[in-house]
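One structure is given here, and the rest of the page talks about it.
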Amino acid sequence: MSRLTTRTGRPDPLDIRVGDGLVRGIAERGVRAWRGIPYAAAPVGPLRFLAPQPPEPWKGVRPAHEFGLVATQLHKGQFIGAHPRIPQGEDCLNLNVIAPDAPSTPGVLRPVMVFIHGGAYSVGSSREVPRQGEVLVRAGGVIYVSLNYRLGALGYLDFTRYSTPERRFDSNLGLRDQVAALRWVHENIRAFGGDPDAVTVFGESAGGNAVTTVMTVPAAAGLFQRAIAQSAPANAVYPPLLTAEWAGEFVDILRGLSGEGPLAGTGAADPGVAETVELLTTTTPDLLALATAVLTRQAPDHVPGTIPLCPVIDGDFLPERPLDAFRDGRAHPVPLIIGTNAREGSLFNGRIDILASTPFRAKAIFRKTKKKARRAIKAQYPGFPLRPAALDLGGDYSFWYPSVKVGERHSRYAPVWFYRFDAAPRLVRWMGLDATHGLEMYPLFGRLNGVLGRGMTVLGGRRMFRSVGARMQLWWLNFATTGIPDAAWPRYDETERATLIIDETDRIQLDPRGDRRRAWTDFVPHL
């Protein structure tokens, strides 16, 4: 480990060499932290819409006390984004490292946990919960890394149809950012005391999709050794014909918002391509984010069961649909923890109504499934199309069904542990949400002292949630350290389908909701 030397001649554990320069961290609350470290060049100007490039080098010491910019996002849109006071911008390709207070024993490297945040690929950041990750560092002695990546149109719309010899547009920019961050970790984490050969990548929601997707990206081979996918919409990865349509719709929306009117014509040879390239490369990030929100509101009814901000099967960086790669053994054969919450869909009501949870949307996603199979699936949701049952169906379609597919297929080639999170405080159950999407993040990361954490436990359940969190932390940390979460948690396979039910009292259940799973077996994806 290379460090500056203090006036006393002793090495300063807060100064770490990265490339030719050093980053100076900060010690606080029993941990050491380095924030806002660039892992790629600022994707601005001519680098907008291009794959991440190596970061600009620096000489001397770079202060790493403050978080870097977060990706541009709307605070009040379909999804609640970063607070307006949090600095945003395109120069957002930065990450944070948290290490235990005491440097590791010389020659002994610590396991590394890299967290990818969720937020529907349109909102979120590595600093929305500033202390997140510290509980894992203190409890398990790991190195925790969190990262920002490009969001919205700048990261997850596929504009390659508008590429010209003079101006290229690359695909899968946010996904490429995540792989670039993992490569940075592989090349630099040893200087922070971390083991580059013991990296666990984990994420929730869109971050879970990032995990299951990056497991099938050839360029990510060897950059991580374990994976945890929480509530992953693993099948939210789409073919290029569909993503090209979304790009065209987005351009029309953007032209309308900028006062230029809709674009006439489509395709790379159309007269409007040069104007489109100019529009995309010069429009402010704020206006791009606004146009993205409009497109996101439209997509669930235009193409039910989808959200337009997702990876694209480009045949290059992402060669195939991840579920196909898992089926055929082409995913990276790393151990995997994967699971969902008991009622994923109950959260997606009102403003964030994006699931296939209306009769029209359900009919669309089942259009390639035989009538008998459709009836069998809907029978598993008594009361459909009434709202609670409809939300459960939509949540299962987006999160549970593809997670089961990933688990069963990957178990043919690598160890898999499957869970279902059932725990919920009394108030959350009273509200009809139960163990809904994202709820496990509060106990896992010890987020019970914030406004939401205190509010949801005001009627009871705080002690229970603390206990659940302590157990989850132990499983996640054991997995990051040894590759096995717990000797009492059996591996998942297609025969017994042993699943850990995480609740006030944990239990192992074989093939929970087996009738529902068997009904979904005959589902034929519509895309």
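Annotations for the structure displayed:
- Residue in the range 90-103 that is within 21 Å of residue 352 (Cβ to Cβ), in the same structural domain as residue 144 (by TED's automatic domain parsing) and under 20 Å from the mean Cα position of the chain (by Cα) present: no
- Applying the criterion of being in a strand (DSSP E or B) and within 13 Å of residue 336 (Cα to Cα) to the residues of the range 221-239, the residue that is farthest from the chain's Cα centre (by Cα) is 226.
- Here is the figure for the range 163-221: residues that are within 18 Å of residue 316 (Cβ to Cβ) and among the hydroxyl-bearing types (Ser, Thr, Tyr) total 4.
- Residues of the range 33-49 classified as in contact with a Leu (Cβ under 8 Å, 6 or more places away or on another chain) and either exposed (fewer than 13 other Cβ atoms within 10 Å of the Cβ) or not in a strand (DSSP E or B) (or both), total: 7
- Filter result for residue 52 (crowded, with 18+ Cβ neighbours inside 10 Å and at pLDDT 95 or above): yes
- Hey, residue 299 modelled with pLDDT under 95 and either in a loop (DSSP other than H, G, I, E, B) or of a type in the set (A, V, I, L, M) (or both) or not: yes
- Scanning the range 102-113 for residues that are modelled with pLDDT of 95 or more, under 25 Å from residue 453 (Cα atoms) and touching a Phe, Trp or Tyr at 6+ places or on another chain (Cβ under 9 Å) turns up at least one hit.
- For beta carbons closer than 6 Å, sequence separation of 6+ or different chains, a first residue in the range 309-337 that is farther than 30 Å from residue 481 by Cα and a second that is in a loop (DSSP other than H, G, I, E, B) and among the basic types (Lys, Arg), the qualifying pairs are 313/321.
- Among residues of the range 155-180, those that are buried (at least 23 other Cβ atoms within 10 Å of the Cβ) and over 30 Å from residue 482 (Cα atoms), counted: 9
- Residue 356 vs. criteria touching a Pro at 6+ places or on another chain (Cβ under 9 Å), of a type in the set (Gly, Ala, Ser) and touching a residue at least 24 places away in the same chain (Cβ under 8 Å): yes
- Being farther than 25 Å from residue 394 by Cβ, of a type in the set (Gly, Ala, Ser), in the same structural domain as residue 475 (by TED's automatic domain parsing) and in contact with a helix residue (DSSP H, G or I) (Cβ under 7 Å, 6 or more places away or on another chain) is not true of residue 450.
- When residues in the range 121-135 are screened for being within 20 Å of residue 228 (Cα to Cα) and crowded, with 24+ Cβ neighbours inside 10 Å, 5 of them pass.
- Any hit, the range 440-453, residues being in contact with a Ser or Thr (Cβ under 9 Å, 6 or more places away or on another chain), charged (D, E, K, R) and touching a residue at least 24 places away in the same chain (Cβ under 8 Å): yes
- In the range 235-262, the residues that are farther than 29 Å from residue 208 by Cβ and assigned by TED's automatic domain parsing to the domain that holds residue 212 reach residues that are assigned to a loop (DSSP other than H, G, I, E, B) and among the hydrophobic types (A, V, I, L, M, F, W, C) with C-beta atoms within less than 6 angstrom, at least six apart or across chains, in these pairs: 251/263; 252/263; 255/263.
- Residue check, residue 399 aromatic (Phe, Trp, Tyr), in contact with a Pro (Cβ under 8 Å, 6 or more places away or on another chain) and in contact (Cβ under 8 Å) with a residue 60 or more places away in the chain: yes
- Flag for residue 293 being farther than 18 Å from residue 234 by Cβ, touching a Ser or Thr at 6+ places or on another chain (Cβ under 7 Å) and assigned to a helix (DSSP H, G or I): no
- Positions within the range 73-90 being charged (D, E, K, R) and without any contact (Cβ under 8 Å) to a residue 12 or more places away in the chain, in sequence order: 76, 85
The values are calculated or read from the model by the stated rules, or taken from the named source; none is laboratory data. Since we're looking at a predicted model, the values are computed, not measured. No Cβ is skipped: glycine too gets one built from the backbone with ideal geometry, and neighbour counts run over all protein chains shown.
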